[in-house]
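The values are calculated or read from the model by the stated rules, or taken from the named source; none is laboratory data. Since the model is a prediction, treat every value here as computed from it, not as a measurement. We place every Cβ from the backbone using ideal geometry, glycine too, and count neighbours over all the protein chains shown. The accessibility values were calculated without ligands, DNA or RNA, using every heavy atom of the protein model including side chains. Shrake-Rupley method; radii C 1.70, N 1.55, O 1.52, S 1.80 Å.
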There are 2 protein chains.
Amino acid sequence: MLSELTIKEFLEKIASEFPAPGGGSVAALSAALAASLIEMVANLTIGKKGYDDEEDEIKTVAQDALRLRRDLIQSIDSDSNAYNDVMTAINLPGNSEAEKRHREDMIQSGLKQATLVPMAVAECAINVMELAGKTIAKGNKNAITDGAVGVMMAKTAVLSALYNVKINLSTIKDSAFIDRISKQVKDLEQNVLRREKELLSNIDL
Amino acid sequence: MLSELTIKEFLEKIASEFPAPGGGSVAALSAALAASLIEMVANLTIGKKGYDDEEDEIKTVAQDALRLRRDLIQSIDSDSNAYNDVMTAINLPGNSEAEKRHREDMIQSGLKQATLVPMAVAECAINVMELAGKTIAKGNKNAITDGAVGVMMAKTAVLSALYNVKINLSTIKDSAFIDRISKQVKDLEQNVLRREKELLSNIDL
């Protein structure tokens, strides 16, 4: 698993001449880092003087962030695997008509998978962003910039994942699939920019 | 060193109830991830058909990105260490007037260091962003979204580091230092948003 690599090794692996892991895995990691920052702010809030009224909500925030972090750690691999599956399909033999059809089917289903994985990352990441916003509003004020970094890392994860959705979408032939996903992309893109602005507006620095 | 931890361990360490490593180290890592993506796009461009004219420039981009990645890996630790040094200073004894003065001097110089480290990260990260922009303009078109993710991760690193600069600045007493750094922060903030827009405008997805 990529998450078992050291930071240094992971950076080296990204930098290599292989396309995967690439931007899609980085997007998932970015959201996982944001989730961890949320947990930290929650841990710096729970049991602290002056935050009694927020304690229950912040505990839920911490639990949700931990769950999302675990999913996102999986997605670091899923994104890379989905790309490699498309490459495997492209290298299938295409000598007979049957082989060509099989190869094309495998490529198309691989591309759909390589679209749905970053789509799921984007959806996780927007949830992470909302949780980061809660830590800004209700968490330990000494850690408010950690919440802000969480919002921005999650926002970047959403937009990065959506770039990967869009580039894969451009090679898919199923127009119903394209229409459905394109609409989701558009909604998420608009939503994430508006929400980032709102959530960061609570910080006065 | 934090970069010797596995991704999973690093995420766990961020999430813990200790304020460091926190948003400042995440900012440095975010820029290091962007640098790695640049190196990947460069590696997918060098020696590839159709990119002969760009080869020399892209080789320089790759070298610069590697150098910045190494600096940023160090900064993951530097940011955390600078925070811990401030905490150590705060815990110094303050029984006599001399001890109080020494303690206050150590806190103030620690806070300046904790401001200058993210400032340096922000400056590295804006250089990373420009390199990512070059990979979008001149690198392998198949990896264009990796360059885009690089631009956004670097932008987020700049803004995240600057949040850390600003929160530390608010506790520093040297007004000449505050004025000088505040001006740099303002310039960087304006510059980074404008440049991100320009660099991403070359992508049509």
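Key figures for this structure:
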| quantity | calculated |
| --- | --- |
| Residue within the range A:158-166 that is within 14 Å of another protein chain (Cβ to nearest Cβ) and polar (S, T, N, Q) present | yes |
| Matching residues, the range B:48-107, being under 24 Å from residue B:124 (Cα atoms), acidic (Asp, Glu) and without any contact (Cβ under 8 Å) to a residue 60 or more places away in the chain | B:55, B:56, B:71, B:85 |
| Condition check for residue A:138: open to solvent by 70 Å² or more (accessible area, probe 1.4 Å) and touching an Asp or Glu at 6+ places or on another chain (Cβ under 6 Å) | yes |
| Selected residue (criterion: farthest from residue A:10 (Cα to Cα)) from residues of the range B:49-74 that are open to solvent by 90 Å² or more (accessible area, probe 1.4 Å) and of a type in the set (S, T, N, Q) | B:63 |
| Any chance residue B:115 is open to solvent by less than 60 Å² (accessible area, probe 1.4 Å), more than 13 Å from residue B:27 (Cβ to Cβ) and part of a helix (DSSP H, G or I) | yes |
| Residue among B:122, B:132 that alone is under 18 Å from the mean Cα position of the chain (by Cα), within 18 Å of residue B:64 (Cβ to Cβ), more than 12 Å from every other protein chain (Cβ to nearest Cβ) and crowded, with 24+ Cβ neighbours inside 10 Å | B:122 |
| Selection within the range B:23-40 - under 23 Å from residue A:135 (Cβ atoms) and either surrounded by fewer than 24 Cβ atoms within 10 Å (Cβ to Cβ) or among the β-branched types (Val, Ile, Thr) (or both) | B:26 |
| Test set (1) assigned to a loop (DSSP other than H, G, I, E, B); (2) open to solvent by less than 10 Å² (accessible area, probe 1.4 Å); (3) not acidic (Asp, Glu) - residue B:171 fails condition number | (2) |
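This table checks each residue for (1) open to solvent by less than 50 Å² (accessible area, probe 1.4 Å); (2) touching a residue at least 40 places away in the same chain (Cβ under 8 Å).
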{"site": "A:126", "(1), (2)": "yes, yes"}
{"site": "A:159", "(1), (2)": "yes, no"}
{"site": "A:167", "(1), (2)": "yes, no"}
{"site": "A:181", "(1), (2)": "yes, yes"}
{"site": "A:194", "(1), (2)": "no, no"}
